[in-house]
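Peer 1: Below is one structure. I have some questions about it.
None of the figures in this text is laboratory data; all of them are computed from the coordinates on show. Given the structure is predicted, the values throughout are model-derived calculations rather than measurements. Here the Cβ positions follow ideal geometry from the backbone for every residue, glycine too, while neighbour counts run over all protein chains shown.
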């Protein structure tokens, strides 16, 4: 039987030869690099290029690595695959955490990958590595796939949003990526909230790429920040946690906030609409951004070879939460969405679930006529009440539930199913593609 000691008795034990030997060996052993803050955390997959031939990843360590790098190899059942891996160096960015504290963030890009192929990868510094994770590249041609779409994570992220995203992943483990419709955290500048976001996702962010767009909360600066109302740049953690396409509007101070990528026959356009939605920003700053974004989104929509088009934005074109209405944004963007046959607009911000019928020029149109469907959803626990404004356009409105959406896409069909996180189907519809227009079928 192992004797039990009080803390005082343990402290009074005389070190015998065995304890002295252990102490000597511990003093002589080199420090464990893993204990010194070199273990990778907050691993997030995304894209900065063609999803069929590239993959991007970001991660963090408590201390800066001398040689940050990532390795990738084709996924094999044989565990002796490691010598086949290729290594790529990573870019470094300092995370200033305040009070003299800092951490290190890295971004690496895998290029020259083969389409529709499973790969495994790991990140580290050549000595301390994270685990091997797996991703699959997109097909180079239109093929069926599914993805997950979630609205505002924002509040009680680790404790309550975790149940939403983990239920969503359990329901669709074959989802090819996650679409985040803004307000990933409540205060964009608060690194601890991004830590909660990463904890809630756990391994999911390292295996399922993210397509995020910033919400108004993701732009928040500390109280008293001099540029709090003059700059629409996302707070610094946004740029640290995501490596995103550099094909957005000509706005050097807002990289990775608006961009597009093409995935198996679908053009996804992530559009930062914070400048359209006012939120108290300076008029000159808003005008500078909205002018550039309208010019850019017009070009991206007009020169689009894909069969389907999906826009992701935060504030709703047809807002449905109490005391919200973005008529100026609707006047600027809805005609473009209609003109260039956008099929679906995925949104957040209102903390309810709402979905329109097909709409064109502020009226519900025949299911077979050209028009756009707008969806609003919330995955976090903060809830709002709906309003009558814009309710005439809605096919469905639901309050006080957390949701996730599974979207299935094939060359001729797009279907969205909204689930409350207890697994109940809350809403369902589909679009059938016929030329540039699509027929809308409401299953709700």
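Peer 1: Report, to the nearest 10°, how far helix 283-302 tilts away from the longest principal axis of the Cα atoms in the chain, using its own Cα long axis and a range of 0 to 90°.
Peer 2: The angle comes out at about 80 degrees.
Peer 1: Just how far, in whole angstrom, is the stretch 405-444 from the stretch 148-218 if you go by their alpha carbon centroids?
Peer 2: Cα centroid to Cα centroid, the span is 22 Å.
Peer 1: Take residue 102 and residue 443, extend 7 Å from each Cα along the Cα→Cβ direction, and tell me the distance between the two endpoints in nm.
Peer 2: That separation, rounded to one decimal, is 5.3 nm.
Peer 1: Treat each spin label as a single point 7 Å out from the Cα along the C-beta direction, and report the residue 143 to residue 82 distance in nm.
Peer 2: Between residue 143 and residue 82, the simple spin-label model gives 3.1 nm.
Peer 1: Here is a follow-up. Among 257-266, 212-221, 381-390, how do they line up from the highest to the lowest mean number of other beta-carbon atoms within 10 Å?
Peer 2: Ranking the peptides 257-266, 212-221, 381-390 by packing returns 212-221, 257-266, 381-390.
Peer 1: When only alpha-carbon atoms count, how far does the chain stretch along each of its three principal axes, as whole angstroms with the largest first?
Peer 2: Principal extents (largest minus smallest coordinate, Cα): 87, 50, 47 Å.
Peer 1: Can you give the convex hull volume of the alpha carbon atoms of the stretch 175-256 per residue, in Å³? Could the numbers behind the result be given before it?
Peer 2: Values: hull volume 7.9 nm³, N = 82.
Roughly 96 Å³ of hull volume per residue.
Peer 1: Let me ask something else about it. Rounded to whole Å and sorted largest first, list the principal axis extents of the Cα atoms in the stretch 36-136.
Peer 2: 46, 29, 17
Peer 1: To continue, here is another question. Which order do the peptides 54-60, 117-123, 325-331 come out in when sorted by mean C-beta neighbours inside 10 angstrom, highest first?
Peer 2: Top of the packing list down: 54-60, 117-123, 325-331.
Peer 1: What order do you get for 64, 101 when you list them from fewest to most C-beta neighbours inside 10 Å?
Peer 2: Working: 64 18, 101 10.
Final ranking by Cβ density, sparse to dense: 101, 64.
Peer 1: Place the peptides 70-82, 362-374, 307-319 in order of packing, highest mean first, counting for every residue the other Cβ atoms within 10 Å and averaging per peptide.
Peer 2: 307-319, 362-374, 70-82
Peer 1: Can you give me the angle between helix 17-28 and the longest principal axis of the chain, using Cα atoms only, in degrees from 0 to 90, rounded to the nearest 10?
Peer 2: So the inclination is approximately 50 degrees.
Peer 1: Also, quick follow-up: Note the per residue figure in Å³ for the convex hull of the C-alpha positions in the stretch 320-389.
Peer 2: In the stretch 320-389, the Cα hull volume divided by residue count equals 88 Å³.
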